[in-house]
Amino acid sequence: MSRWALAALPLVVACHGGEAEPYAWRLPPHFPEPWVPDDAPMSEAKVELGRHLFYEERLSVSGTISCGTCHVQALAFTDGRATSIGADGHAGTRSSMTLANVAHQPTLTWGNPVLDTLEAQALVPLFLDVPLELGAQYVIVDVLEEMAADEYRARFVDAFPDQDDPFTVGNVAAALAAFQRTLSSGDSPYDRHLRGEPGGLSPAAERGLALFESSRLRCAGCHGGLLLASDMRSADDPEATARFENTGLYDLGAGGGYPPPNVGLFEFTGESTDMGRHRIPSLRNIAVTAPYMHDGSIADLDGVLDHYAAGGRTLSDGPWAGVGADNPNKSPLVAGFELTAAERADLVAFLEALTDEAFLVDPRFSDPTAG
Ligand code: HEC
Ligand code: HEC
């Protein structure tokens with residue numbers, strides 16, 4: 001290719017799809033730009049379409065729920081339930097996850113090591129049969145036809161300006177992904193502490209942070225970095241991978257078992273040592289996302305601290321009885337510790353200082369048709 005052709009190439013690429021302007025991220029100042037797939041450029045129009053679709057109940061078979069039903073902004077985009085309830089009224093088996101900073105997650109969901117784009121993930125709640133979430137497969141053809149004729153028409157056309165027929169499932173997923181990539185949360189007291197600004201950590205929260213990072217508690221050995229998770233994917237580090245760990249939540253039959261179908265990484269690898277290993281979740285906004293763990297089986301932060309202090313949870317009766325501390329696949333970092341009442345209060349104060357109040361009410365992320 002001649003030098004001229006090379007120089008012209010970015011222009012051609014930029015005009016394709018009408019996305020000539022680089023997308024203006026509104027990120028917390030200390031956050032890196034998210035990684036975005038090459039074929040999924042961001043645009044304001046795509047984000048706006050995605051926001052409408054995120055709250056669109058017509059995408060469910062019952063016409064009564066949307067992504068936003070199980071991912072509620074005030075709860076940092078979780079749903080306050082142990083396990084979510086689908087459009088058919090039946091409970092699923094896993095706990096809804098926060099979507100705060102989801103653009104920076106290297107892989108998606110609690111146990112899947114290969115689901116690594118928001119475009120691909122969006123198809124799961126739309127079309128999964130067991131458990132049923134939205135059940136869009138039963139309505140999507142009609143709904144896209146309706147949207148081609150109602151107020152969605154202009155939104156699809158603006159979001160995908162180079163397409164003759166933009167009313168496709170792929171574009172629904174692409175727009176949902178674009179909207180979710182804007183859900184950055186980085187203005188908690190902990191962030192102000194990191195940036196050296198006023199309004200940072202209280203003395204109690206500061207003591208809690210020291211405990212969190214201590215070699216006695218070792219929380220930061222797993223919940224590390226800006227997300228307080230395993231690793232962060234960004235435009236600078238697109239190859240980042242997530243870590244999956246077993247914290248000794250269960251030990252069925254004293255053989256390391258976890259209650260099916262929530263077997264974690266094992267579901268994908270079939271390696272017995274992967275049984276119960278789940279993605280290390282981000283602890284941002286953790287105070288508003290109870291109940292906790294992949295199955296919502298711990299009601300509150302005190303219960304989480306009991307679990308770690310014991311070096312794994314013991315369930316003395318019921319179908320899932322077992323001594324989690326003895327789970328053979330448990331991470332050595334979950335070794336147990338003693339905590340005074342004052343230390344516990346400090347640690348909880350730190351976890352509470354991870355709440356970004358502005359994020360929970362930011363009008364850019366709310367239901368555009370409400371109020
Ligand atoms: C019925 C409740 C429900 C609905 C509706 C729902 N979700 Fe979820 N969502 C969940 C649950 C439960 C998980 C955890 C799934 C797992 O680990 O298998 C999850 C996980 C996710 C994740 C992974 C987050 C992470 O950090 O890895 C994303 C992204 C997501 N949902 C987006 C969406 C989108 C987009 C929609 C709408 C198309 C949607 N969800 C609809 C319950 C729901
Ligand atoms: C070995 C790595 C590891 C260590 C050490 C660790 N965690 Fe975790 N943490 C995880 C994983 C993995 C999960 C999800 C486990 C599951 O659902 O089965 C989790 C879940 C949590 C949750 C619930 C998150 C949610 O969204 O439901 C909280 C809160 C939490 N950890 C806090 C802590 C604290 C506080 C410490 C230190 C006392 C700590 N963790 C130590 C890996 C770790």
> Hey, residue 62 hits all of (1) over 25 Å from residue 141 (Cβ atoms); (2) of a type outside the set (Lys, Arg); (3) surrounded by fewer than 20 Cβ atoms within 10 Å (Cβ to Cβ); (4) touching a residue at least 12 places away in the same chain (Cβ under 8 Å) but one; which does it fall short on?
Replying inline: (1)
>> Checking the conditions here, which among 187, 142 is more than 10 Å from ligand 1 (Cβ to nearest atom) and either closer than 23 Å to residue 360 by Cα or β-branched (Val, Ile, Thr) (or both)?
In response: 187
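Each row is one residue, and each column tells you yes or no for (1) among the hydrophobic types (A, V, I, L, M, F, W, C); (2) part of a loop (DSSP other than H, G, I, E, B).
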residue: 153; (1), (2): no, no
residue: 176; (1), (2): yes, no
residue: 184; (1), (2): no, yes
residue: 197; (1), (2): no, yes
residue: 200; (1), (2): no, yes
> How many residues, within the stretch 44-59, are part of a helix (DSSP H, G or I) and without any contact (Cβ under 8 Å) to a residue 60 or more places away in the chain?
Replying inline: 2
> What is the residue count in the stretch 60-92 for residues that are of a type outside the set (Ser, Thr, Tyr) and assigned to a helix (DSSP H, G or I)?
Replying inline: 6
>> Can you pull out every residue in the stretch 101-136 that is under 18 Å from residue 53 (Cα atoms) and either without any contact (Cβ under 8 Å) to a residue 60 or more places away in the chain or within 16 Å of ligand 2 (Cβ to nearest atom) (or both)?
In response: 102, 120, 121, 122, 123, 124, 125, 127, 128
>> I'd like the full set of residues that are within 12 Å of ligand 2 (Cβ to nearest atom), more than 19 Å from residue 260 (Cβ to Cβ) and either surrounded by fewer than 19 Cβ atoms within 10 Å (Cβ to Cβ) or among the hydroxyl-bearing types (Ser, Thr, Tyr) (or both), limited to the stretch 82-97.
In response: 96
> Does the stretch 284-293 contain any residue that is more than 7 Å from ligand 2 (Cβ to nearest atom) and in contact with a Lys or Arg (Cβ under 8 Å, 6 or more places away or on another chain)?
Replying inline: yes
> Would it be correct to say that residue 14 is surrounded by 14 or more Cβ atoms within 10 Å (Cβ to Cβ) and modelled with pLDDT under 95?
Replying inline: yes
> Is it the case that residue 229 is surrounded by fewer than 19 Cβ atoms within 10 Å (Cβ to Cβ), within 16 Å of ligand 1 (Cβ to nearest atom) and among the hydrophobic types (A, V, I, L, M, F, W, C)?
Replying inline: no
> Among the candidates 312, 296, which residue alone is assigned to a loop (DSSP other than H, G, I, E, B), more than 8 Å from ligand 2 (Cβ to nearest atom), at pLDDT 95 or above and crowded, with 19+ Cβ neighbours inside 10 Å?
Replying inline: 312
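Here is a yes/no grid of residues against (1) out of contact with any helix residue (DSSP H, G or I) (no Cβ under 7 Å at 6 or more places or on another chain); (2) of a type in the set (A, V, I, L, M, F, W, C):
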position	(1), (2)
165	yes, no
181	no, no
187	no, no
201	no, yes
217	no, yes
253	yes, no
258	yes, no
266	no, yes
270	yes, no
> Conditions: (1) in a loop (DSSP other than H, G, I, E, B); (2) in contact with a strand residue (DSSP E or B) (Cβ under 9 Å, 6 or more places away or on another chain). Residue 232 meets all but one. Number of the miss?
Replying inline: (2)
>> Looking at the stretch 323-345, can you tell me whether even one residue there is hydrophobic (A, V, I, L, M, F, W, C), outside the structural domain of residue 96 (by TED's automatic domain parsing) and in contact with a Phe, Trp or Tyr (Cβ under 6 Å, 6 or more places away or on another chain)?
In response: no
> Which condition does residue 96 not pass, out of (1) at pLDDT 95 or above; (2) more than 6 Å from ligand 1 (Cβ to nearest atom), if it passes all the others?
Replying inline: (2)
>> Taking the conditions exactly as written (surrounded by 15 or more Cβ atoms within 10 Å (Cβ to Cβ), farther than 21 Å from residue 97 by Cβ, out of contact with any His (no Cβ under 6 Å at 6 or more places or on another chain) and among the hydroxyl-bearing types (Ser, Thr, Tyr)), does residue 152 satisfy them or not?
In response: yes
>> Looking at (1) without any contact (Cβ under 8 Å) to a residue 24 or more places away in the chain; (2) within 16 Å of ligand 1 (Cβ to nearest atom); (3) on the phi < 0 side of the Ramachandran plot, which one does residue 177 not meet, given that it meets all the others?
In response: (1)
> Among the numbered criteria (1) surrounded by 20 or more Cβ atoms within 10 Å (Cβ to Cβ); (2) part of a helix (DSSP H, G or I), which single criterion is violated by residue 287?
Replying inline: (1)
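The values are calculated or read from the model by the stated rules, or taken from the named source; none is laboratory data. Only a predicted model underlies this, so the values are computations on that prediction, with no experimental measurement involved. As a convention, Cβ positions derive from the backbone with ideal geometry for all residues, glycine included, and neighbour counts pool all protein chains shown.
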